[in-house]
Amino acid sequence: MTKAFPTQEIGSLPKFAWRSKPFRLMALTDDDLESAKQWGERLQVEGREDLYRTLSKRYAFTDEEKKQIVDFSLLYAIRMGETAGEGLARTPGLDLVWSGEQARTEMYETPVSNISGFEFIGRVRSFDNKYWKMASIRSQPKYKENYHMDELLFTKEHSKRKIKVPVTDAITIMAWSDNNYYTGKWSDKTKLSPAKRSFSARREFTLELAKIIRRVIRELIEKGVEEVQIDIPAATQYQSEDDIKLVAESFNETTKGLNATFSVHSCFPPSLGYAILFPHILEMKQCERFSLEYGNRDTFERGLDPASRVGFEDLKLFKEYGYKKQLGVGVIHIHTDTLPSVEVVRDRVLYSAKVTDLPPENLYVNPDCGLRTRRPEVAQKMLDLVVGGAELARRKSG
């Protein structure tokens, strides 16, 4: 893009109660129906009266009705991104949008459910009192079906903006799974140290998954996808140098031979920050943009000085290593409902440009991470701040 400080969402948006309850066998309430109507009017979602009629049933939805509910949740999410910034920006809307991962159970469970060889073994608590189903790999993983195709085709048909597809990477699936099959394969390699056997098992598991994910992405590209975001929240879970190198190797294996624009999103950096990933992340050959979180470590004060923008010091690493491509800068802490002012977001953007020396068109503005843990009204305000803060930064820098 040639636009200064283009904007993007990182992938997930919250699910409305009317989207989630039908799949939990919970009856919808008057508040749920009113929420669907208020947001439908606010976002001017086309055909929303059909959704209202279906939701008025409140309980015991058929499979066809559940599909309709999911499709409308995709549409609501698309419109949230396309209208973000109303009241704060002359031209509302994110420059890169997605449908909020509304068709996915969760970023780990959805791919694992559609790759053979896994067996779910229990629920694990993550952040913000959210839970996810953990699986154990019991045999060599194999492709079953493309778990993002329907989501893509719907989003592509209904979006008015450029889209990007977020895809969970092999490192994260490996790291969040019980590695039963591959640790067993490597257990008799007694000439290797325990640490080396453990890493070798992780590496083999990761690279097998990368081949499957490459097929998923290739099929999406064949349907017209131009940009794919590779999600690697577990990039720093294992902190040995071999494991950090594996992050880049996995990305390269996943994208090998594919013709698209690829970006990487990572979050949950250790206390030392993202420095642990350097220089090896720069070996991701086809990565055109790194989108990382910074807002969660920053102050709520205005200013373009290091003390005010303490959360953004890691950005200097990109300048130190001579990085010239694109960066997506997280300017909104997404694990709290406490919001910065739009002027603070502006200053975070301008400071990012200042310390990286990247041209404004190479500096993307986004929330730190996906917004699935927030309430819809809070998530919308966060997207509004991304769009509004980027516009104020354009005015100031232009």
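Residue pairs, Cβ under 8 Å, 6 or more apart or interchain, first in region 226-242 and over 16 Å from E283 (Cβ atoms), second buried (at least 24 other Cβ atoms within 10 Å of the Cβ) and among the acidic types (D, E). List them.
Between residues of region 226-242 that are over 16 Å from E283 (Cβ atoms) and residues that are buried (at least 24 other Cβ atoms within 10 Å of the Cβ) and among the acidic types (D, E), the close pairs are D231/D169.
Among the residues of region 212-249, write down those that are of a type in the set (V, I, T) and at pLDDT 95 or above.
Step one: filter region 212-249 for residues of a type in the set (V, I, T), giving 212-213, 216-217, 221, 225, 228, 230, 232, 236, 244, 247.
Hits for region 212-249 are I212, I213, V216, I217, I221, V225, V228, I230, I232, I244, V247.
Just to confirm my filter: which strands (runs of 3 or more DSSP E) fall fully inside region 250-363 and include at least 2 residues that are modelled with pLDDT under 95 and more than 23 Å from the chain's Cα centre (by Cα)? Break it down into steps so the answer makes sense when it comes.
On the way: elements: 261-266, 287-293, 326-330.
Correct list: empty, since no element meets the threshold.
May I ask you to verify whether D305 is buried (at least 19 other Cβ atoms within 10 Å of the Cβ) and of a type in the set (D, E, K, R)?
On the way: buried (at least 19 other Cβ atoms within 10 Å of the Cβ): no; of a type in the set (D, E, K, R): yes.
No; evaluated as a whole, the condition is false for this residue.
Against the definition (charged (D, E, K, R) and assigned to a loop (DSSP other than H, G, I, E, B)), how does R395 come out, yes or no? Spell out how you get there, then give the answer.
Working: charged (D, E, K, R): yes; assigned to a loop (DSSP other than H, G, I, E, B): no.
The answer is no for R395.
Which pairs turn up if I take residues in region 199-216 that are touching a residue at least 12 places away in the same chain (Cβ under 8 Å) and look for partners that are β-branched (V, I, T) and not in a helix (DSSP H, G or I) with beta carbon separation below 6 Å, at least 6 apart in sequence or on another chain?
I212/I115
Looking at this structure, is F300 aromatic (F, W, Y), within 26 Å of V386 (Cα to Cα), exposed (fewer than 15 other Cβ atoms within 10 Å of the Cβ) and out of contact with any Gly (no Cβ under 6 Å at 6 or more places or on another chain)?
On the way: aromatic (F, W, Y): yes; within 26 Å of V386 (Cα to Cα): yes; exposed (fewer than 15 other Cβ atoms within 10 Å of the Cβ): yes; out of contact with any Gly (no Cβ under 6 Å at 6 or more places or on another chain): yes.
For F300, the condition - aromatic (F, W, Y), within 26 Å of V386 (Cα to Cα), exposed (fewer than 15 other Cβ atoms within 10 Å of the Cβ) and out of contact with any Gly (no Cβ under 6 Å at 6 or more places or on another chain) - is met.
Does region 342-390 hold any residues that are of a type in the set (D, E, K, R), farther than 19 Å from Q326 by Cβ and out of contact with any Lys or Arg (no Cβ under 6 Å at 6 or more places or on another chain), and which are they? Quick ask: steps written out before the conclusion?
Taking region 342-390 first, the residues of a type in the set (D, E, K, R) are 343, 346-348, 354, 357, 361, 368, 372, 374-375, 377, 381, 384.
Subset that is farther than 19 Å from Q326 by Cβ: 343, 346-347, 372, 374-375, 377, 381, 384.
Passing the criteria: R346, R372, R374, R375, E377, K381, D384.
Quick one: P269 ticks every box in (1) crowded, with 17+ Cβ neighbours inside 10 Å; (2) without any contact (Cβ under 8 Å) to a residue 12 or more places away in the chain except a single one, so which number is it?
Of (1) crowded, with 17+ Cβ neighbours inside 10 Å; (2) without any contact (Cβ under 8 Å) to a residue 12 or more places away in the chain, only one is false for P269: (2).
Got a sec? Which of D169, D178 is over 19 Å from I230 (Cα atoms), under 24 Å from the mean Cα position of the chain (by Cα) and in contact (Cβ under 8 Å) with a residue 24 or more places away in the chain? Please lay out each step first, then the result.
Working: D169 fails: over 19 Å from I230 (Cα atoms).
None of the others qualify; the one that does is D178.
Would you say P367 is in contact (Cβ under 8 Å) with a residue 40 or more places away in the chain, within 21 Å of G273 (Cβ to Cβ) and out of contact with any His (no Cβ under 7 Å at 6 or more places or on another chain)?
Criteria met by P367.
Counting only residues that are crowded, with 19+ Cβ neighbours inside 10 Å and among the β-branched types (V, I, T), which one in region 356-383 is nearest to V331 (Cα to Cα)?
It comes out as V365.
Can you work out which of the residues in region 308-331 that are in contact with a helix residue (DSSP H, G or I) (Cβ under 8 Å, 6 or more places away or on another chain) and of a type in the set (D, E) is surrounded by the most Cβ atoms within 10 Å (Cβ to Cβ)?
Ranking the qualifying residues of region 308-331, first place goes to D314.
Among G388, G398, which is the only one that is more than 21 Å from W98 (Cβ to Cβ) and either in contact with a helix residue (DSSP H, G or I) (Cβ under 9 Å, 6 or more places away or on another chain) or of a type in the set (A, V, I, L, M, F, W, C) (or both)? Can you show your working first?
Values: G388 fails: more than 21 Å from W98 (Cβ to Cβ).
The unique qualifying residue is G398.
Can you find even one residue in region 118-127 that is in contact with a Phe, Trp or Tyr (Cβ under 8 Å, 6 or more places away or on another chain), of a type in the set (G, A, S) and under 15 Å from N179 (Cβ atoms)?
Here is the first cut: in region 118-127, the residues in contact with a Phe, Trp or Tyr (Cβ under 8 Å, 6 or more places away or on another chain) are 123-126.
So of that shortlist, the ones also of a type in the set (G, A, S) come out as 126.
Those still in the list that are under 15 Å from N179 (Cβ atoms) too: none.
No: region 118-127 contains no residue that is in contact with a Phe, Trp or Tyr (Cβ under 8 Å, 6 or more places away or on another chain), of a type in the set (G, A, S) and under 15 Å from N179 (Cβ atoms).
Determine the pairs where a residue that is under 17 Å from G328 (Cα atoms), located within region 297-313, has a partner that is part of a helix (DSSP H, G or I) and aromatic (F, W, Y) with Cβ atoms under 6 Å apart, the partner being 6 or more residues away or on another chain.
From residues that are under 17 Å from G328 (Cα atoms), the pairs are R309/Y351; F312/Y351.
The values are calculated or read from the model by the stated rules, or taken from the named source; none is laboratory data. Bear in mind the structure is a predicted one, so any value in this text is a computation, not a measurement. All Cβ positions, glycine included, derive from the backbone under ideal geometry; neighbour counts span all protein chains shown.
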